[in-house]
Amino acid sequence: MTGDPNSPLRVLIVDDDPAVARFLKVALSNLGLRDVTTAENGAEALEVDVGPASGIGLIVSDLQMPKLDGIAYLRHLKTLGYQGAVLLMSGADSRLLKAVEGLATSLDLRVLGVLAKPIRQADLVDALRKLGPGTGGPRLPAGVDVSVDELRVALQAGDLDVWFQPQADARSRRILGAEALARWRHREKGFIPPSTFIPMAEENGLIDALADQVLVKAMTAAKEWRSGGFDLKASMNLSFRNLSRLDLPEWIEKQAVGFGLPLDGLVLEVTESSVVTHLSATLEVLMRLRLKGVGLSIDDFGTGYATLDYLKQIPFTELKIDRGFVNAAPNDRTARTILESSIFLAHRLGMTTVAEGVETKAEWDLVVELGGDAIQGYALSRPVPEDQFLPWLQAFGTSAPSS
Ligand code: C2E
Ligand code: CA
Ligand code: CA
């Protein structure tokens, strides 16, 4: 982001509803962002200079507006070379919101998210966290105000941990694997959420070091599970930036050989939106990883905008259905249809499915009914610290009902 990191960034609010604009102004001001310009619609917003010299680092825009709607405005922002962040707002249904978020990401704009109206202060704060510190961004509630240097030090000191969240066969409840999730416990400030430090690592050249540590910890754990009699897959998340590292497949292979683990026991998750946006840059590394036998999973499936053409180009092995659809499916016909079609599509293309964020019995039952393969979510277990995962497995193994 541009400008002096110590001076608060300027904000442009684009909304035709004066009440919303007023609410946002107050909420932003409480967070220390007082330099706010407002425009009533996209056409008026176009007259506001948003170039790097303007200091505008955040645009909060409504999607449904007279004259020029939010989507048209986003396209213009792209043409204008806007470099800052975008936060969208809409009263539309969640499916449309997800689609728009994907569209904006595919335009290569830095989208913090889409807020559903009426907007809640907590959602606004959550979205603004993604601005990261040192960007002239807002003063957010204590505990998340961390700097890139602190992250760098934490990475060097090995303060980053990996927690594991199990995945089970939807029907038999047999544990199939676990996803490694990065956790940063700051020595003074407590837990820093991944939504804060992952974008920070991505933007400051630290994401490769982070992925290396997660991989080593995941392999260390996988080896321990095996010694304990559990032959499980280990999944980890990769940022698209990790995939621009051409020696990644060799590095991963070297680690696996070192640990004596088969490469097909590893699953790499990449978000659908990042694959769609950066297909040409990531294709080669993904292909080479797959040729070595590594599993490839499409994370947050259903949130990426645009075509599914990439599925023809990259032989993904697994499709992780975004929790937004999973949570909504029991009570929402559209979400249920998307869940069902995603499972169908995956099976037709020879992929297995993981329904993520399964929180209730109703969601779990529905996944089974619709033929989904695996589930992951609080209904099975929350993420567990690495040293507690094997005990969790042992306890679960004896408690799992056989139904
Ligand atoms: P993700 O890959 O979609 O990971 C799933 C997130 O959903 C995790 O959040 C997990 O704790 C949460 N979750 C799991 N089950 C449930 C549920 O039943 N209900 C709800 N509400 N949430 C559930 P977490 O750990 O905060 O991670 C957030 C995101 O940060 C991840 O989303 C992933 O995109 C990113 N991330 C985490 N670790 C890494 C990493 O090592 N590398 C990279 N590049 N990204 C990571
Ligand atoms: Ca994931
Ligand atoms: Ca996900």
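The values are calculated or read from the model by the stated rules, or taken from the named source; none is laboratory data. All figures in this text were calculated on a predicted structure; none of them were measured in a lab. With ideal geometry, Cβ positions are generated from the backbone for all residues, glycine too; neighbour counts draw on all protein chains shown. These accessible areas exclude ligands, DNA and RNA; they are computed on the full protein's heavy atoms, side chains included. Shrake-Rupley method; radii C 1.70, N 1.55, O 1.52, S 1.80 Å.
Leaving ligands, DNA and RNA out of it, report the carbon-plus-sulfur percent of the accessible area of the chain at a 1.4 Å probe.
Accessible surface attributable to carbon and sulfur in the chain totals 51 percent.
Could you grab the relative contact order for segment 266-362? Cα pairs under 8 Å, six or more apart, rounded to a whole percent.
So the answer I get is 26 percent.
Which value, in nm² and rounded to one decimal, describes the direction-averaged projected area of the C-alpha convex hull of segment 142-203?
The number I arrive at for segment 142-203 is 5.3 nm².
Taking only C-alpha pairs under 8 Å that are 6+ residues apart, what is the relative contact order of the chain in percent?
It comes to 13 percent, rounded to a whole number.
If packing is taken as the average number of other Cβ atoms within 10 Å across a peptide's residues, how do 315-328, 23-36 rank, most packed first?
Ranked by mean Cβ neighbours within 10 Å, highest first: 315-328, 23-36.
Where the only charges are on Cβ atoms (+1 Lys, Arg; -1 Asp, Glu), what is the dipole of the chain about its Cα centre, to the nearest 20 debye?
Its charge dipole is roughly 420 debye.
At 222 nm, what value in deg cm²/dmol follows for the chain if DSSP H runs of at least 4 each add -39500 (n - 2.57) and the sum is divided by all its residues, to the nearest 500?
-12500 deg cm²/dmol
Would you kindly work out the equivalent ellipsoid of segment 1-98 from its C-alpha gyration tensor and give its semi-axes, the square roots of five times the eigenvalues, largest first in whole Å?
Calculated on Cα positions only, the semi-axes equal 21, 16, 12 Å.
What's the whole-number percent of alpha carbon pairs in segment 276-396 lying beyond 23 angstrom?
38
Could you grab the Rg to Rh ratio for the chain? Cα atoms only, Kirkwood for Rh.
0.97
So what is the accessible area of the chain per residue, in Å², with the probe set to 1.4 Å?
45
Determine how many Å³ per residue the convex hull of the Cα atoms of segment 261-339 encloses.
90
Based on the Kirkwood radius over alpha-carbon pairs, what value in µm²/s does the Stokes-Einstein equation return for the translational diffusion coefficient of segment 30-161 at 25 °C and 0.890 mPa s?
Using the Kirkwood radius from Cα pairs, D works out to 152 µm²/s.
Out of the DSSP beta bridges found with both residues in the chain, what percent are antiparallel (nearest 5)?
Approximately 30 percent, going by the DSSP bridge assignments.
Under 28 Å Cα-Cα from residue 233, which lysines qualify once same-chain neighbours fewer than 8 residues away are excluded?
217, 223, 254, 292, 312, 320, 361
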